[in-house]
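The values are calculated or read from the model by the stated rules, or taken from the named source; none is laboratory data. None of these values were measured; they are calculated from a predicted model. Glycine also receives a Cβ, built like all others from the backbone with ideal geometry; neighbour counts cover every protein chain displayed. Areas reflect the complete protein model, heavy atoms only, side chains present, ligands, DNA and RNA absent. Shrake-Rupley method; radii C 1.70, N 1.55, O 1.52, S 1.80 Å.
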Amino acid sequence: MTVSRPSSDRLRVGLDAAVREFVREPINVALLVVLPPVVITSYESMLSAFPRLPYMTTDPGALGATAGTLFVAAFLPAVIGLFQVISAQRADERLSLAGFPELALFVSRLGAVCLATLLTAALSLGVLATTTEVESLALGFLTLAFVGGLYGLIGMLIGTVLPRELEGSLVLIFVVDVDEALASGVIATDAAATKLFPLHYPHEVFQAAVDGTAPAASDVLAAATYGAIVLVATFLVYTALAATGGGGG
Amino acid sequence: MTERIVGTERPESESEPTAGDRDVVLRGSDLAKTYSSRLPFGRSVEVLTGASVTIRRGEVVGIVGGNGSGKSTLMKILVGELDADEGTVDVNGRVGWCPQDELLYDRLTVEETFRLFGEAYGMDPTEIESARDRLAETLDFEEFLDYRIDRLSGGNRQKINLSIALMHDPDVLLLDEPYTGFDWETYLAFWDLTAALRERGTAVAIISHLINEQERFDRILELADGTLTDVTDEGSSQAGEEGVR
């Protein structure tokens, strides 16, 4: 009785289901709305108390607001990516065994993460714009959306290899916090290893958006390459571990 | 890793199937599975040590075994959720799987759940709607179609769990403790449904730690010490000890 269905139909139904699941959890939406202003203003007020150290290129308060914006734009999608994978892992396995393509399943999960990413990026940029003059809003938004997508994928990756909510969340908090602290210049370091962290290049591009300068092509290219590598790695690991194909149903 | 042969993928080296073989919809041969500890000095647990099972069209098979005997492991290997360390699984037709835990999406409605799994099975919207309505009427959950899964009672969730396994008209239906949470009416409806499936030629395998109505089964296999034994005529050791049959 079954016929071959176009994969676009499956993708649409899968994406629709993932988004519905996400928005029907009120705490998800509430956190997306509440956390950006809280985090950004907290970072700004905390760093405002810092003296302007010789290696700092901007005022500590403005630096805090920018760092808080990037932190929240990265962290929220990361946690959502983590929970997207963990909370539905066994049901996803059943769906995959029933014949749902792994690519469609991956894109469905990523779709819900992207929705959260766009919302967080817009809200974070809006909050930042109330305290700091952002010269290029379009570039700023694109960079924050990229950061959210990048860390959303990292959240999915961690959720796949470490399918535990508490431990996965702790790993993400630690990684995003250290990453942003190194990228923002709050800590003076020339260690080459800092360039391997996900936010290193996006931070440079975002700072250019805030300052109204043209971003360095090398930074944009490096960030895009980093994003492509993380996308491929997450897809491969997700399809190998999170969704198992088979002939059952 | 389990060698999994689906439909016509039979190796050329094998002889042509006999008439009896053509009725076989699912065969697991010499299945072995050991859960190894990932930590040093951890214990390995040998669950299956050469279990074989053959399920033919139109028969209802009960697989019984004590707690921890490996029933769910066997089921997962047969449906392809888990790989065996050794052995082969030969599938000839569509498989329906009703897992012991309701593996459903909590925040989707019943209708949305049918739509999603129907797409996975490759059914078109009309077929999905028809299967949904037929199963909702049979198992009496028509009034809950627009309810979210997490807002259903345990019994109703189990009905949806079962219906998802059935909606694509499988050739063999594998049920892991299927009637947990069913009320008496639903339990009877379940057996009516099973009888109708058997009539249509669908094979049904039910895994349970208790089988208390032996006459409903064509065969009963007992899983003990990692292997399966046909105990249809002699009564299982577990049944003898626990007085369940």
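General remarks:
- Residues in segment B:63-83 that are touching a helix residue (DSSP H, G or I) at 6+ places or on another chain (Cβ under 8 Å) and open to solvent by less than 10 Å² (accessible area, probe 1.4 Å): B:63, B:64, B:65, B:79.
- Between A:50, A:100, the distinction of being outside any helix (DSSP H, G or I), open to solvent by less than 10 Å² (accessible area, probe 1.4 Å) and not β-branched (Val, Ile, Thr) belongs to A:100 only.
- Where residue A:197 falls short, out of the listed (1) in contact (Cβ under 8 Å) with a residue 24 or more places away in the chain; (2) within 25 Å of residue A:42 (Cβ to Cβ): (1)
- Residue within segment A:136-145 that is assigned to a helix (DSSP H, G or I), within 14 Å of chain B (Cβ to nearest Cβ) and surrounded by fewer than 17 Cβ atoms within 10 Å (Cβ to Cβ) present: no
- Segment B:109-123, residues that are touching a residue at least 40 places away in the same chain (Cβ under 8 Å) and more than 9 Å from every other protein chain (Cβ to nearest Cβ): B:110, B:114
- Subset of segment B:140-166 (residues that are within 14 Å of chain A (Cβ to nearest Cβ) and free of Cβ contacts under 8 Å to residues at least 60 places away in the same chain): B:146, B:147, B:148, B:149, B:150, B:151, B:157, B:160, B:163
- Just one of (1) touching a Gly at 6+ places or on another chain (Cβ under 6 Å); (2) more than 8 Å from chain A (Cβ to nearest Cβ) fails for residue B:79. It is (2).
- In segment A:3-20, the residue that is modelled with the highest pLDDT out of those that are facing another protein chain (nearest Cβ under 7 Å) and more than 14 Å from residue B:115 (Cα to Cα) is A:4.
- Listed conditions (1) open to solvent by 40 Å² or more (accessible area, probe 1.4 Å); (2) of a type in the set (A, V, I, L, M, F, W, C); (3) more than 18 Å from the chain's Cα centre (by Cα) are all met by residue A:162, apart from (3).
- The residues of segment A:28-49 that are touching a residue at least 24 places away in the same chain (Cβ under 8 Å) and more than 23 Å from the chain's Cα centre (by Cα) amount to a single one, A:47.
- Residue in segment B:179-197 that is within 14 Å of chain A (Cβ to nearest Cβ), within 25 Å of residue A:93 (Cα to Cα) and either open to solvent by 10 Å² or more (accessible area, probe 1.4 Å) or under 15 Å from the mean Cα position of the chain (by Cα) (or both) present: no
- Residue in segment B:124-138 that is at the interface with chain A (Cβ under 10 Å from one of its Cβ atoms) and modelled with pLDDT under 95 present: yes
- Segment B:167-178, residues that are over 24 Å from residue A:24 (Cβ atoms) and either within 14 Å of chain A (Cβ to nearest Cβ) or open to solvent by less than 10 Å² (accessible area, probe 1.4 Å) (or both): B:168, B:169, B:170, B:171, B:172, B:173, B:174, B:175, B:176, B:178
- Whichever residue in segment B:84-135 is closer than 13 Å to residue B:165 by Cβ and in contact with a strand residue (DSSP E or B) (Cβ under 6 Å, 6 or more places away or on another chain) and, among such residues, is surrounded by the fewest Cβ atoms within 10 Å (Cβ to Cβ): B:100
- Set B:140, B:146: member being at positive phi and charged (D, E, K, R): B:140
- Selection from segment B:136-147 of residues that are under 27 Å from residue A:8 (Cα atoms) and open to solvent by less than 40 Å² (accessible area, probe 1.4 Å): B:145
- Residues in segment A:103-125 that are open to solvent by less than 30 Å² (accessible area, probe 1.4 Å), aliphatic (A, V, I, L, M) and either touching a strand residue (DSSP E or B) at 6+ places or on another chain (Cβ under 7 Å) or over 15 Å from residue A:18 (Cβ atoms) (or both): 2 in all.
- For segment A:155-175, filtering for residues that are within 20 Å of residue A:232 (Cβ to Cβ) and either of a type outside the set (Val, Ile, Thr) or touching a helix residue (DSSP H, G or I) at 6+ places or on another chain (Cβ under 6 Å) (or both) leaves 7.
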